[in-house]
Structure formats: C-alpha cells, structure tokens
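In what follows, a structure is listed as structure tokens, so that the remarks can point back to it.
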Amino acid sequence: MRHLGAAIPALALSPFTFAAQAAPFGGHEKMAAGPFTADWDSLAAYQTPDWFRNAKFGIWAHWGPQCEAEHGDWYARGLYEEGSEHYRYHVEKYGHPSKVGFKDVIHQWKAERWDPDALVSLYKKAGAKYFVALANHHDNLDLYASKYQPQWNSTKVGPKKDLIGGWAKAARKQGLRFGVSVHAAHAWTWYETSQRADKTGPYAGVPYDGHLTKADGKGKWWDGLDPQALYAQNHALSKGGGGGVGGDQWHWGDGASTPDQAYCEKFYDRTMELINNYDPDLVYFDDTVLPLHPVSDVGLRLTAHMYNRSIAKKGKLEAVVNGKILSEQQRKTMVWDIERGQSNAIEPLPWQTCTCIGNWHYDRSVYNNKSYKSAQTVVHTLIDVVSKNGNLLLNVPVRGDGTIDPLERNIVEEIGRWMAVGSEGIYDSRPWAVFGEGPVMEEASAPMSGAGFNEGKNRPFSAADVRFTAKGDAVYAFVMGWPADGKVTIKSMRAGSPHLKRGIAKVELVGGQALAFEQAADGLRVTLPGTAPALPYAFALRIV
C-alpha cells in the first residue's frame, strides 16, 4: 500500500513451488473441513454473500506502528533508503538507522489516546456498514495477541494492547461487519533495505540494524527479543541489491529473493490464528492474487479455510476474501479489490475499490497542507463505484496516538450528512441497465496500472454526469452536481428507451418532493426545485 505493481508476469516456478503444489507443507493450524479445498477449481464455487453486496461502504483504519512517525507510507522501509525523505526525517527525529531502526520506532509507539468505540461510532454515523482494521503491515508487527509472532506483536511491544481485539469489539457493538487487512507476506523482501549501509558520510559502511540478532540485544530495551523475527533478513538480497518490491519483484519474479518454507508456514499460522481467534467477516490480502502466490500455496489454504469455517459456524458462506490483480478465473474465487482506482464498466461479479482520504499511513504534511480528499470526491467515488457493482472501502488515516485530526473528522461527518439522505439509492442496490451517462463516461477512461491506480486521472464529475443504481421497482439517477438552470435531462430514459420496460410514472427527489417531468424523444426531462440541497454536489432522483 503499497506498490506500483506491474501486470502479473509469467514466472518460472522454483523447485520449492513444485513441492508445495504437489504436497503442501502442513502448518500447525489445521484447515477447517468443508466443501472448499485449496485449489482454484474448488474455490471457483464461491458466491459473494449478500451482506457485502448490500453494504456498499466500509471504512478502514490502516493504522500501525508506521503511523507513529506521522510521515506517510512505507516508513519502515524508507528510513533505510539513504538520502530519502523518510531517511532524513528519521535521522533527525530518532537517530541513524544503524543505531535506531524500525524496531525502536515500534518501542516508542504507545497509541495512548486510542478510543475504538468513539471512532467506530463516528464511522457508523458516516454510513459505513463494515469496518476493517489493519492486522499487520509489511513491517511485520502483528497487532493482536499471537503465539506464532510471540515477541513482535502489539500486546508485547509498543502499545501493549490487543488492537484487533479492541477494534473487533467496537465494530460488533455498533452492529458493523468486521474485517482485517493482512500485508505481512511481503516483509521478506520489503525490509531488505535494512540490510544496507550508508554509502557516504560519517556512517559510510556501518550496517543498518537489519542484520541484528537476539544476542545483540544484551543490555538494551529489546534484550531477549530477536530482531530477525521482525525483519526476517537472514537471507540473500534480491537481484538489484535490496529492492525486492519494484515491478515484477513484487510478484516474486525477476530475481526476487524467495521466502523459505519456514517463513511461509509461519505466515500461514499467524493468519490462521487471526481468523480463528477474531472471527472476521472479511480478510483483505495486500498481495498479487493471494499471499506468497505463486511460490507457496498458503494463500489458497487460508482462503479455503476461511470459507469452510464460515459455513461451519454460520450455516452458510458469509466470508469475504479480497485479492488484487486477479485473472478472470481468480475473480470467481474471491472479491476483486482495485487499489486507488475504479473499473470502467459494470462488473459481472461484485468488487471493491480501496482508497484513502490522504496517505495510507498518517502523514502530518497532508494535514498541514490541507490536501485530503474532500467529502465531495469521496461521495462521487462511492456513487460511481456502486453504479458498477462495486463497494468502496475508505481509509481514514489514524495518528500514532490513536486519534484522527480535525480535518479528517470534518470530512467523515460531511460524508455522514450526505449519506443520511443519499444512501437510499446506495444500500441494497444493484446496477441498472447502464451505469451512467455524461462527459466523464463519454471520454476515454484512464486505464488501470497493476493493482489499480487510475484514481483521479479522468476529468472531474459535473452536473452533466449521471450514475444509476436499481432497487426494487425504482431506478436511482444520481446527478453529480446541481445544474444552474434547475433542469436535468437523462438520455438513457428517453421515450422508447430499450432500457425501460414501461413508461415512467413518477420522479421524486430523494429527501424531497415529487417533481415535474416529461419523457421526450431526447430524454427524461426533470424540473428541479428552486432551492438546492445543503450538499448539492450529488443528489438522487427516484424514478418509478
């Protein structure tokens, strides 16, 4: 969250991969029995549960120890990149990475003002129907009690709190579905920068702390802890000398260092423990396809377990697994997630876009520069995504101390004010015959790159743009702005339109009154009230 991934390459599989496919290595945690097995053909029987299809909007706390620095994304990697902004900031704030590395940032992170009940209550008022919490990031710290990551989890170091446990309790108290995001599969290569040393200056040639072992901790705060259980750097660097995450290396190709069996099985056990102990409705994997694919089958096993366990506990499949950069076949097995981007068509299967009002990890400069996404941008994105059979998962960055800043709160509250009216055409809806009309749709759409990343590359929405949803006998037409002349013409609903099964009987402003209309040859002509709504950048017409 992350990475600018390329298209998934054709990878030459290692001998380990063949062994794993032929006879998967068994972890300590046993898979739940049920109809699903750890192979693509079996998982293709998956059906997305109605709760997810109806929810449409979730909020995410992409919050972990990297937020302590309040310096943005990939801090735990970037602090080891000599000359980078993260490196310079780290040297000034904490010290040189040969002496003070990311393990020490974790030690300083206390989350002392974290109030999950207050935050999740705010998100529910904003209209979220599900809440997702970061369970670990590429920095490899588990934010829950873990017997498989016993030293480097948030109950033992840093806040010394079970963060996932707290989030889960708060979400369920508010009646929200609960999800977790899992990113730690990539720590193996992501932390390779910690094996480096400065090339210039007074610390030239002095190794950073990525090679430290338990024996090096004598007399230090981390005495008794093994840094390698966090950094996982007791291996040769990827081709290129410690990149490991750029381009095809993100997909474990192009000379990326391949994780060993012990690493893969430890990741499996940690994630199985997370699923079994915290019972999430949704697990989001920040990987190409599934974790460690294609060098291990652990992702397939975790997905089959998630589905079988859901059936056993709830009597039907209620579980959601999110994966990225999926083939058409793989999209049948889980819910496709697009990072910071959108599909340009009504997708035949439910999908999700994940994005953020700022950076993924809290960045003080975004606050200082007042550069968050506006509530208007979020609402427009939500409407567009839902019109195409998708959900929006929105990250609201959390500060290191566990709070959100005043600008973020204002944005969340404004989203809630819009959703209090406009959500009638959002929740429980399905795509209509076409997803929309107007200038944005008529222009060539920006293509996706890797996991997505086409967000904000098209022209902004205006009052000339319309998006549609359907629910029951009604079609909802969302107009992306209040027209200056007070009139709307919807071409897709013209007299004789092939998209309409019958004539239009009534047009109402959602949250308002019935409106005068005429179904003419050029479109459905609607006359709006003389006064625009309080949040005029998007409003819905209920058409029956």
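May I ask for the percentage of alpha-carbon pairs in the chain that lie more than 32 Å from each other? Don't skip to the answer; put the middle values down first.
On the way: 67336 of 147696 pairs.
The proportion of pairs with Cα distances above 32 Å equals 46 percent.
Report the number of Lys pairs in region 436-543 whose alpha-carbons are under 26 Å apart, with separation of 8 or more residues or on distinct chains.
The result is 9.
How tilted is helix 163-173 with respect to the longest principal axis of the chain? Cα atoms for both, answer in degrees (0 to 90, nearest 10).
Helix 163-173 and the main axis of the chain meet at about 30 degrees.
Only bridges with both residues in region 131-254 count here: give the DSSP antiparallel percent, nearest 5. Present the calculation step by step, with values, prior to reporting the outcome.
Working: 1 of 8 bridges.
Bridges in region 131-254 are about 10 percent antiparallel.
How much length would be gained if the chain were fully extended between Ala433 and Lys30, taking 0.36 nm per residue of separation minus their Cα-Cα distance, in nm to one decimal?
Details: separation 403, 0.36 × 403 = 145.08 nm, distance 4.48 nm.
Net length gain for the segment: 140.6 nm.
Using θ = phi - 60° and the Karplus curve 6.51 cos²θ - 1.76 cosθ + 1.60, what whole-Hz ³J(HN,Hα) does each residue of region 322-330 get, with Gly and Pro shown as x?
Ordered by residue, 3J(HN,Hα) equals 9, x, 10, 6, 9, 6, 4, 5, 5 Hz.
Total Lys pairs in region 323-390 closer than 22 Å by alpha-carbon, pairs eight or more apart in sequence or interchain only? Can you show the working numbers first?
Working: Lys324/Lys332; Lys324/Lys388; Lys332/Lys388; Lys373/Lys388.
Pairs that pass both the separation and distance tests number 4.
Net charge within 12 Å of Glu424 by Cβ-Cβ distance, Lys/Arg positive one each and Asp/Glu negative one each, not counting Glu424 itself? Walk me through the intermediate numbers first.
Details: positive: Lys56, Lys471, Arg542; negative: Asp428, Glu508.
Net of charged neighbours comes to +1.
Taking only Cα atoms of region 436-543, what ratio of Rg to Rh do you get with Rh as the Kirkwood inverse-distance radius?
On the way: Rg = 14.9 Å, Rh = 14.9 Å.
Using Cα coordinates only, the ratio equals 1.00.
Between Asp279 and Lys506, what length comes free when the chain is fully extended (0.36 nm per residue of separation minus the Cα-Cα distance, one decimal in nm)?
Values: separation 227, 0.36 × 227 = 81.72 nm, distance 4.51 nm.
Length gained, Asp279 through Lys506: 77.2 nm.
Taking the 0 to 90 degree range and rounding to the nearest ten, how far is the long axis of helix 298-314 tilted relative to the main principal axis of the chain, both from C-alpha atoms?
60
Taking the inverse of the average 1/r across all pairs of different Cα atoms in region 15-339, what Kirkwood radius in Å do you get?
Working: mean 1/r = 0.0489 Å⁻¹.
So the Kirkwood estimate lands at 20.5 Å.
Given a Förster distance of 56 angstrom, what is the FRET efficiency for Ala45 paired with Ala204, based on the Cβ-Cβ distance and rounded to 0.05?
Details: r = 58 Å, r/R0 = 1.03.
Taking R0 as 56 Å, the efficiency between Ala45 and Ala204 is 0.45.
Only counting other Cβ atoms within 10 Å, I'd like Leu176, Leu237 sorted with the fewest neighbours first.
With the sparsest Cβ surroundings first, the list reads Leu237, Leu176.
Using a simple spin-label model with points 7 Å from Cα along the Cα→Cβ vector, what separation in nm is obtained for Arg113 and Ala514?
Label-label distance for Arg113 and Ala514, simple model: 5.2 nm.
Subtract the Cα-Cα distance of Lys173 and Thr531 from 0.36 nm times their separation in residues, and report this length gain in nm to one decimal.
125.0 nm
If the cut-off is 22 Å between C-alpha atoms, which lysines fall inside it for Lys173, apart from same-chain ones fewer than 8 positions away?
Correct list for Lys173: Lys56, Lys124, Lys125, Lys129, Lys161, Lys313, Lys314.
What FRET efficiency comes out for the pair Ala420/Asp485, r = Cβ-Cβ distance, R0 = 35 Å, nearest 0.05? Each step should come with its number before you reach the end.
Values: r = 27 Å, r/R0 = 0.78.
About 0.80, to the nearest 0.05.
For region 84-229, what does the equivalent ellipsoid look like in terms of its semi-axes, each the square root of 5 times an eigenvalue of the Cα gyration tensor, given largest first in whole Å? Spell out each step's value before the answer.
On the way: eigenvalues 224, 56, 38 Å².
Value: 33, 17, 14 Å, ordered largest first.
Would you please classify the overall shape of region 294-364 from the alpha carbon gyration tensor, given that a ≥ b ≥ c denote the square roots of the eigenvalues, rounded means a/c under 1.5, and beyond that prolate means a/b larger than b/c while oblate covers the rest? Mind dumping the intermediate values first?
Details: a/c = 1.75, a/b = 1.50, b/c = 1.16.
Note, shape of region 294-364 comes out prolate.
Under 21 Å Cα to Cα from Lys214, which lysines show up? Leave out anything in the same chain fewer than 8 places away.
Lys214 reaches Lys99, Lys103, Lys147, Lys156, Lys160, Lys266.
Per-residue ellipticity at 222 nm for the chain, helices alone: DSSP H runs ≥ 4 residues times -39500 (n - 2.57), over residue total, nearest 500 deg cm²/dmol? Intermediate values should be presented prior to the final figure.
Working: 16 runs with 141 residues, N = 544.
Taken over the chain, the calculation gives -7500 deg cm²/dmol.
Out of the DSSP beta bridges found with both residues in the chain, what percent are antiparallel (nearest 5)? Each step should come with its number before you reach the end.
On the way: 29 of 66 bridges.
Bridges in the chain are about 45 percent antiparallel.
If I fit a long axis through the Cα atoms of helix 261-278 and take the longest principal axis of the Cα atoms of the chain, what angle between them do I get, 0 to 90°, rounded to 10?
Between helix and principal axis, roughly 50 degrees.
A short reminder: the numbers here are calculations on the coordinates, not readings from a lab. Predicted model, so just to flag it, every value in this text is computed and none were measured. Cβ sites come from the backbone with ideal geometry, for glycine too, and all protein chains shown count toward neighbours.
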